[in-house]
Structures are given as C-alpha cells and as structure tokens.
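Here's the structure we're looking at; comments come further down.
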Amino acid sequence: MEFPVASSPHLSGQNNVQRVMAQVMLALVPGIAALWWYFGWGVIVNLGLTSLTAVVCEWLVMRLRGRDPRPVITDLSGLLTAWLLAVALPPLLPWWQTVIGTAFAIIIAKQLFGGLGYNPFNPAMAGYALLLVSFPADMTRWLEPSVLGGHAVSLNEAWQAIFSGIPPHPQGWDAVTGATPLDHLRTELSRDHMISEIQRDPLWGNLGGKGWEWISSWYLLGGLFLLWRGVIGWRIPVSMLGSLLAVAGIFWLIDPEIHPSPVFHLFSGATLLGAFFIATDPVTASTTPRGQLIYGALIGVLVYVIRTWGGYPDAVAFSVLLMNMAAPTIDHYTQPRVFGAREDADGR
Amino acid sequence: MAADLAPPVWDFHGGLHIPDCKALSADRPIIEATLPSRLQLALQQHIGKPAEALVKPGDPVLKGQLIARASDYVSANLHAPTSGRVVEIAEMPIAHPSGLSAPCIVIEPDGEERWAELPAPITNWAETDPAELRERLRWAGIVGLGGAVFPTSVKTNVTGRQVDTLIINAAECEPYITCDDRLLREQAGEVLEGARILRHIVGASRILVGIEDNKPEAIASLREALSGDDDGIEIRVVPTKYPSGGEKQLIYLLTGVEVPSQGLPLDIGMVCQNVATAASVADAVLRGRPLISRIVTITGQGVSRPGNLRALIGTPVSELIAQCGGYTPQVHKLIMGGPMMGFALHSDAVPMAKGSNCFIAATAEEAPDPPPAKPCIRCGECVKVCPAYLLPQQLYWYARARNFDQTQDHNLFDCIECGCCAYVCPSHIPLVHYYRFAKTEIWASERERQKAEHARRRHEFREARLKRLEAERKARLRKKKEALEKKSTSAADDPKKAAIEAAMKRVAAKKAAQQGNAAPPPREGDD
Ligand code: SF4
Ligand code: SF4
C-alpha cells in the first residue's frame, strides 16, 4: 500500500494566524467601545472606512500580483491594521484622508515590502505618521469627550462631517473640538503655567484626561487579555511601560510642577494602546527575548523624549517606527545563549 | 525508598505538552510476531559505513549467523534473524525518508529456526575486561535502539575519558510509542541487568534511569526489579513533556548539567543509552545472542488492533500491519518512529530495521495534511518552545534565503529537529524541513569544498611534478649537448667561452633546483 509523504512533525497545534489576529481584534473591542462612548459615531464610521479600504487594497494588490486574494484577506492581518489605524485617527477626519492613510498602510507599508511578515514598519503606524505629517491640522482636531458636557455626535452628524465636511454642531467646529490632554498640557506648559494650575482645568481626570483615562484603561484590559491568552509576550509591554514610568518618574521627582506625573504619561495619548497593541506587533518588533526588552525600553524612552522635547504631542507612532528600524540590529546582537554553550560566552 | 523523596528534576526550556496517544497500545502485552515470508536486511541499519555482505545468493544461513560484517570502526555487524536461505542481494527500497533504495540481503526463512553456534555467555561480566565486553557488543551488532542507531560498542568506548554517570533513557517522550514502556513492564530486570553491564563497560559509578511520569506501571515494575539492592541505580521520574527523551534534555532533567553545544554527553562524563539497547546488551552478554529482533509498536487509528510485537529485523512492515489486523479504511499516512520526529513512509513494502521502534498507521485526523504555509509573522511562539534555545524563525528566514552562513551563526547545528517549533507555528511553516534542507546543503558544500581542495592540491602537485620533470629533462639535454660541445671544442680551447658556459650551467642548475623545490603548495584545511 502507498501513502502520501510529508516532513515531520506530523502533528500540529491548533494555532493559526487568523486566530492570532482575531484575538488581537477582540482585545481591541473594549477600547473601541470606549472611544465610541466618548467621541460618538465618527469612531465607527472611521472603522468601517479603514476596514473597507484595507480589504479593497489587499484584494487589488493580490490581483495585480496574480495571486489569490482570499487567504491574504482572511488572515485578518489587513483588517487588524485597519482597526489599529482607525482607533488612532480623530473621529471626524475627512474620509479621503482616512482612505489615503489606510491605502498607504496596506499598499506601501505592507504589500510593497512583500506582504505580511516582510514589512519592516508597522503598517498602521506608517499610515498614521503619513497622515500626521501631511494633514497636521485635521489630524490634531480631536473632539471633546462627551463627559465634558460636550455634544454627543450622532451617526448622521458623523456621516455628514466625515463625507461632506459639515460640522456636527450649528456653531461650527470650535463648539465641538478640544485639545487632547497631551496637547493641552503642552500648550499650557509653553505658556509657563505650573502643572498644579493646569490640572485645575475641567479637562483633567484622576489619571489622565477625562474620558481618555478610561479609554486607556480599556486598552489595558484588552492588553491583559492578550497576555493571558499568550498572544503577546510580557517583555515588550513591561519594558516599554517600565522605562516610560522610570524616565517620567525621575523628571517628575525633580520638579513635579513642570513635569507631569508618570501616571499621567501612562494614561494619556496612545501609551497603553501602543504598549499592548502596536509595539507588540511581532512582525516589526524585535524577536529575541533580550532584544524585546531592549526594544520595548527604548520605545518607552523615545515616547518620553518626543512628548517632552519633540515637535509632536504624542509620540508612540514615531517611537515605534524608529525602533522598527533598529529591530534587526537589536536581534543580531541579542541572540540567546544556545543550549550547552559555555556560560561565559554570553548571558541568556 | 530514597527515590520517593523526589530527587531534583531540572526543567528544560521549551518543549510541549501534547496528547500522548499511548493508550492505543500501552496495555497490549508484547507478542511474538509470526515468522514472515521473507526478510529483507539492509546492509546499513546503523549510522556509519554499511556492513560488508559475507553471504551470497543461494547460501543457507542459520539463525544468528553473521551475514554481514562491520566494514569500519563506525559500522555494525548483521546477523541472520532466522534460518533459511539467502535468495537475493540487491538494491531495494528501505524505510528511509528519501525513498531511495539501498543494498539488502533477502532471506527466505525455512521455518526451522535452527540456531548457529553462538559465543559462550559471559556470566562473570563484572570481572571481565570492558574491552572484551565491548567486543561482544560489536559482534552482536548492537546499535542504539531508541532510533539513533549509533553502534553501541563505539558509544561505550570511553577509553581515556572519565565517566561517572550512565543515563538510561526510558523517557519515551514521543506520542504513540509504547515499546519501551512494554519492555519495562515485562522485563525490567533484563533492562537493569543490561544497564549494570553497560555501567561496568563505561566505568561509571551510578546509573540514573529517566522515565516520564505517564508510565506508572513501568515505573512500578522498575522499582520492583530493583527491590532494595539498588547498588547505585536510581529511578528518576520526570514530568511528561516532549522532548524529555532527547539525550541532552534528559541529561539536563536528571542532572542539571548541559551537554556542551555540539558536544557529547561524554564531554561531561556521561553516557546515555536507551532501555531497549540495554536489554539487547544483556542478551548479547548473558546469552551470547546477537541483535536479530526488537520490540516494535504498531499503532494509530489506521490499524485495526494496535499492539506491541517482538519482530525479526527485516520483517516487511506490511506483514507487521497484517498481524495487527490490517489497516482500517481511514488510514491516511504511515509513519515510522514517533509523530514528531519520525518520517512518513511512501510504502509499507519496506522492512523494519534495527532502529524501527514504532509504525503509526495514522488517520487524516491524527496526522492531518498541513494547511498551506503562510508567511512567518515572527510571533516568537517557536522561540518559546525550542529546547535548544534557538531562534527558529531566524533560522527559517536564513535557510529560506539560502544564507547558510547565517544559519550557522544562528547555531543551526544545535537544532535537534524535535519539531516543537513547527508544531506551534501559527503559519504552519514546515520549519524542520527547512533546517534539514539547510543542513544537507551545508554538508554537501562542505564535501564539495573538501573535494575541490583535494582536486586543487592534486592538480598543483601534478603541475609541479611535470615542471620538475621538464626541468630535469632540459638539464640532462644541456649536459649532453655540453659534453658533445666540449668534445668538439676541446681542441680549440676557448677559456672565455668555457667560463660563460659554466656560468650558464650554474644558473640553469639553480633554476631547476628552485622549480623542483617550489612544488608542494602550502597545506591548508584539515583533511
Ligand atoms: S512560530 Fe512560525 S510564524 Fe511564529 S515566529 Fe516562529 S516561524 Fe514565525
Ligand atoms: S526543531 Fe530545532 S529549532 Fe525547532 S524547536 Fe526543535 S531544536 Fe528548536
């Protein structure tokens, strides 16, 4: 009797790429829900826009390459990129900017490098960075969270704003937009205000900005879920958050009136989203155990540096992209000590 | 008992907890396989050089008769598993991943089971010189029966090395396989006796028997066989985790010492032997019997009655399966060895060999065809499970790009091909396949390099020799001419001319000498 042959092992685990991606998307849901709660329906419209664009772009690229687009679309990596980009965008960004950012992420940052697994840069962050550099005004026009007594944007208003540019409020954009806590802090500090003064602003909550702190907390929850499921390792989030807390802590101890507290850094901007969902993108991160510690720690430091002294209010995207570039080098110098190698040759 | 005080176990990094599927065959006692209609014995059952056939077609053979002799130090004898007649010596398909053929001796049994004259038992082995015992193992054609098939007489030759521990590998960590489990349940005493003999041969002071905790009956049987007089033998139960039976992993589990990278257990004063090997050592020494049969597990959902057989080496796999009730309709793949490291056979018309511990007739659920591979997402799952602390994803990356230098920098040759990485890979990349490919390519190019080096050296030698001969010929010619000229010009003695000629002669001689010396190129390489 004859049999088909195959290479060992002949068993395989239940894991697959689709499942990994789906779990990350699932973990993102609480954060998305929180965003929707505080910023209204624009968040959901954005999500739909990026998702649709991502799928269409992947389909297009695969077709042009003469390959079957189905396995690529169904591995969900493109959709995950779309979601990550969507949660980073201001809720009422004009639709064509959203489309450009997503298309750039999928076509240029991902597929042009060879698709999933070959992209040196985190596609979502590449798309975000492109938009931030190209359309800085629109990209920093965030809504005021609804908890501040602001206006809750309905689906219809969101649609009108995104596709027709009609402000969701009769009194125009100014009535609904507000600075993000990081932005606010930045401007106020540049006006020589003390942090204790700045924090009296109603914008401020207990940990970070009102609303924002809750969104971050839900990201944290999603991140813990991913850790529990073993989808991500602890090294990158722990080292990134650890180094950010440490650096922020040092400056805060030196002068708490001009340096916000480490906790504020933790719960503001994209810190927690970045630590659990973006820096941990396996394709573009360092892959050795020690390398991941270094990689994460350096992202944490960069986030602080760019936030404090750089030209942009938030820094997670740029820090991650910068460290993406360094990842291969880090990997090269942090190979684990192989079983049975002499102890003095290398630490583990 | 001391062993119950839970001696320390050092957990190794990585590994997998996978369903062991041993229940299919673990409770089936070993039964003697019936005599097959023909036996096909490959001249190479072992690592090393193939044996040299001592018989020719038509020769009658007796059970236990030497039919092929070890052709080198690393090689192994081969004996007729039963009495009968040699019917053929030819290249035929064997159980090998390549599906290639190899020279085999085919014996047609006569059913009489007449034994050849066997060497005398060595009952006083404890007073016998280890070299003599090793000679016995060499005669008996014993090789590592755990699957490595390295000649045991070579592995136990520890001349000039200090050995303190003999490790007996009873872990049997691969799913499905139960032949060692059964052997221990039924003949633990034999295994321990073999272990004592091996300990004497290598001069170790203690024996550690490592066994996974999923085999309580075998553990009990071992403890009972030990019954108090544990003369330096310790039974160490290790947690069930694949690949605890890997030599380096087991040694680490039991002693906390790492075998040096690309080194041998001997480098840290240890020798490791499988339980079935130990039993065959006892057989060879205490009864003078060569290795002509072994216990093999026939299992999987694709066979009707899974079980454990003691079968003659050379029995066709199809006959083993037939004795277990034949295939079920769901059979999909036939695997020799375990499902993690074994290889899929193309056909069952091949013989079992000394290293065949298990044949799995697997259904499509048991050994599914892998889905198409996706790109590596660098998730690092493979890093988490690699017991060798490698970076499988980087190895894959470089192997795929045929960047073999980098694969070696990433310690490709420390990969034990356990398959843990491929098992967990969410992209279903046949990682081990890539590593084997890279290793093969590196070996091939190494051989090429050595061959080229050889050829270059031979060429240079030849060139130099030709040059030297040519120079010598010229010199001779010149001499002759000079002698002639001298004769003709001796009358008109021209001192000036003579001086010039002498000078020319000197230069020519010098030149010739130089060319002669310039012959051997500087030696490089290590061959
Ligand atoms: S497990 Fe597979 S996909 Fe993940 S890093 Fe390893 S090789 Fe790549
Ligand atoms: S097959 Fe090799 S690389 Fe893969 S886990 Fe085993 S030792 Fe590591």
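Listed here are the strands (runs of 3 or more DSSP E) enclosed by the range B:199-316 that have at least 3 residues being under 30 Å from B:A349 (Cβ atoms): B:293-299, B:307-312. For the range B:403-453, a tally of residues being more than 11 Å from ligand 2 (Cβ to nearest atom), modelled with pLDDT under 90 and part of a loop (DSSP other than H, G, I, E, B) returns 1. Of all residues in the range A:228-261, those that are surrounded by 22 or more Cβ atoms within 10 Å (Cβ to Cβ), of a type in the set (A, V, I, L, M, F, W, C) and within 30 Å of B:C425 (Cα to Cα) total 5. If you check B:I377, B:I360, which single one turns out to be within 30 Å of B:L395 (Cβ to Cβ), in a loop (DSSP other than H, G, I, E, B) and in contact (Cβ under 8 Å) with a residue 40 or more places away in the chain? Just one listed residue meets the conditions, B:I377. It is to be established whether one or more residues within the range B:446-468 are within 16 Å of ligand 1 (Cβ to nearest atom) and either buried (at least 24 other Cβ atoms within 10 Å of the Cβ) or not small (G, A, S) (or both). No: zero hits. Take the conditions within 29 Å of A:W36 (Cβ to Cβ) and either outside the structural domain of A:S77 (by TED's automatic domain parsing) or not in a loop (DSSP other than H, G, I, E, B) (or both) and apply them to A:L244. Does it pass? It is true that A:L244 is within 29 Å of A:W36 (Cβ to Cβ) and either outside the structural domain of A:S77 (by TED's automatic domain parsing) or not in a loop (DSSP other than H, G, I, E, B) (or both). Please determine whether any residue of the range B:338-348 is of a type in the set (G, A, S), within 16 Å of ligand 1 (Cβ to nearest atom) and touching a residue at least 12 places away in the same chain (Cβ under 8 Å). Within the range B:338-348, none of the residues are of a type in the set (G, A, S), within 16 Å of ligand 1 (Cβ to nearest atom) and touching a residue at least 12 places away in the same chain (Cβ under 8 Å).
Can B:I321 be described as surrounded by fewer than 24 Cβ atoms within 10 Å (Cβ to Cβ) and either facing another protein chain (nearest Cβ under 7 Å) or within 23 Å of the chain's Cα centre (by Cα) (or both)? Here the answer is no, as B:I321 does not meet what is asked. B:V385 fulfils the conditions (1) surrounded by fewer than 20 Cβ atoms within 10 Å (Cβ to Cβ); (2) within 9 Å of ligand 2 (Cβ to nearest atom) except for a single criterion, (1).
Among the residues of the range B:271-303, just one is surrounded by fewer than 24 Cβ atoms within 10 Å (Cβ to Cβ) and either within 14 Å of chain A (Cβ to nearest Cβ) or free of Cβ contacts under 8 Å to residues at least 24 places away in the same chain (or both), namely B:Q301. Considering A:P136, A:P120, the condition of being within 25 Å of the chain's Cα centre (by Cα), within 28 Å of A:E58 (Cα to Cα) and within 14 Å of chain B (Cβ to nearest Cβ) is satisfied by A:P120 alone.
Which members of the range B:243-258 meet the condition of being touching a Gly at 6+ places or on another chain (Cβ under 8 Å) and facing another protein chain (nearest Cβ under 10 Å)? Those that are touching a Gly at 6+ places or on another chain (Cβ under 8 Å) and facing another protein chain (nearest Cβ under 10 Å): B:K248, B:Q249, B:E258.
For residues in the range B:395-420 being in contact (Cβ under 8 Å) with a residue 40 or more places away in the chain and at the interface with chain A (Cβ under 7 Å from one of its Cβ atoms), which is nearest to ligand 1 (Cβ to nearest atom)? Explain how you work it out, then say what you get.
Within the range B:395-420, the first condition is being in contact (Cβ under 8 Å) with a residue 40 or more places away in the chain, and the residues that meet it are B:395, B:398, B:404, B:411, B:413-414, B:416-420.
If we keep only those that are at the interface with chain A (Cβ under 7 Å from one of its Cβ atoms) too, we end up with B:411, B:414, B:419.
On the way: B:N411: 16, B:D414: 17, B:G419: 12 Å.
Only one residue tops the list, namely B:G419.
Scanning the range B:175-186 for any residue that is outside any helix (DSSP H, G or I), within 14 Å of another protein chain (Cβ to nearest Cβ) and hydroxyl-bearing (S, T, Y) turns up at least one such residue.
List the residue pairs whose Cβ atoms are under 9 Å apart, where the first residue sits in the range B:426-442 and is at positive phi, the second is near ligand 2 (Cβ under 10 Å from one of its atoms), and the two are 6 or more positions apart or on different chains. These pairs meet every condition: B:H428/B:A422.
Is it fair to say A:A137 is part of a helix (DSSP H, G or I), farther than 28 Å from A:R19 by Cβ and touching a helix residue (DSSP H, G or I) at 6+ places or on another chain (Cβ under 9 Å)? Let's see the steps before the verdict.
On the way: part of a helix (DSSP H, G or I): yes; farther than 28 Å from A:R19 by Cβ: yes; touching a helix residue (DSSP H, G or I) at 6+ places or on another chain (Cβ under 9 Å): no.
Considered against the rule, which asks whether it is part of a helix (DSSP H, G or I), farther than 28 Å from A:R19 by Cβ and touching a helix residue (DSSP H, G or I) at 6+ places or on another chain (Cβ under 9 Å), A:A137 comes out as no.
For B:Y423, the stated conditions do not hold, so it cannot be described as within 16 Å of ligand 1 (Cβ to nearest atom), touching a Ser or Thr at 6+ places or on another chain (Cβ under 8 Å) and either more than 8 Å from chain A (Cβ to nearest Cβ) or of a type in the set (S, T, N, Q) (or both). Of all the numbered requirements in (1) more than 10 Å from chain A (Cβ to nearest Cβ); (2) within 14 Å of ligand 1 (Cβ to nearest atom), B:I442 misses one, and that requirement is (2). When the range B:339-367 is filtered for residues that are under 22 Å from B:S427 (Cα atoms), facing another protein chain (nearest Cβ under 7 Å) and surrounded by fewer than 24 Cβ atoms within 10 Å (Cβ to Cβ), the ones remaining, listed by number, are B:M341, B:F343, B:A344. State whether one or more residues within the range B:147-167 are crowded, with 24+ Cβ neighbours inside 10 Å and touching a Phe, Trp or Tyr at 6+ places or on another chain (Cβ under 8 Å). No. Of the residues making up the range B:126-143, one or more are touching a residue at least 12 places away in the same chain (Cβ under 8 Å), under 12 Å from B:Q273 (Cβ atoms) and part of a loop (DSSP other than H, G, I, E, B).
Return yes when A:I215 is within 16 Å of the chain's Cα centre (by Cα), part of a loop (DSSP other than H, G, I, E, B) and crowded, with 23+ Cβ neighbours inside 10 Å and no when it is not. If you could, list the steps in order and put the result at the bottom.
Values: within 16 Å of the chain's Cα centre (by Cα): yes; part of a loop (DSSP other than H, G, I, E, B): no; crowded, with 23+ Cβ neighbours inside 10 Å: yes.
Against the criterion (within 16 Å of the chain's Cα centre (by Cα), part of a loop (DSSP other than H, G, I, E, B) and crowded, with 23+ Cβ neighbours inside 10 Å), A:I215 does not qualify.
The number of residues in the range B:368-394 that are more than 9 Å from chain A (Cβ to nearest Cβ) and of a type in the set (V, I, T) comes to 1.
The values are calculated or read from the model by the stated rules, or taken from the named source; none is laboratory data. Only a predicted model underlies this, so the values are computations on that prediction, with no experimental measurement involved. FYI the Cβ positions are ideal-geometry reconstructions off the backbone, even for glycines, and counts take in every protein chain you see.
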